[in-house]
Amino acid sequence: MKKYLIVVEAMASGYSAYSPDFDGCVASGSTREEVESNMREAVAFHLEGLRREGCEVPEPHTYSTFIELQSGRKA
C-alpha cells in the first residue's frame, strides 16, 4: 500500500483538497470527511486512468512538515 500526501484547505464554502503527487487531481466537499472521501475517489479514478493508458503510477514523492517561527519582529 502506498501513502500519498493530500493537502486539505478550508474555504468559505467548505473544503478543497489536492495532492502534489498528482497534477490536476483535486476535490471539494462541504465537510472535512466529505472532501477526504471525494479526494480518495478522485485519486483512485486518476490511478485507474493512468493504468488504462499504460502509464506508470507515480511513487509518492512529497511529504509534510511544520516549521516554527517566532511571532513578532525583533528590533
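No lab work stands behind these numbers, since they all come straight from the coordinates. Remember, predicted model here, so these are calculated numbers, not experimental data. Don't worry about glycine lacking a Cβ; one is built from the backbone with ideal geometry, like all the others, and counts go over all protein chains shown.
Quick grid of which residues meet (1) farther than 15 Å from Lys2 by Cα; (2) of a type in the set (A, V, I, L, M, F, W, C); (3) surrounded by 12 or more Cβ atoms within 10 Å (Cβ to Cβ):
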| site | (1), (2), (3) |
| --- | --- |
| Tyr18 | yes, no, yes |
| Asp23 | yes, no, no |
| Gly29 | yes, no, yes |
| Glu36 | yes, no, yes |
| Ala44 | no, yes, no |
| Gly49 | yes, no, no |
| Glu59 | no, no, no |
| Thr65 | yes, no, no |
| Gly72 | yes, no, no |
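If you take the residues of segment 6-16 that are over 11 Å from Val43 (Cα atoms) and out of contact with any Lys or Arg (no Cβ under 8 Å at 6 or more places or on another chain), which of them is surrounded by the fewest Cβ atoms within 10 Å (Cβ to Cβ)? Once the filter is applied, the top-ranked residue is Ala12.
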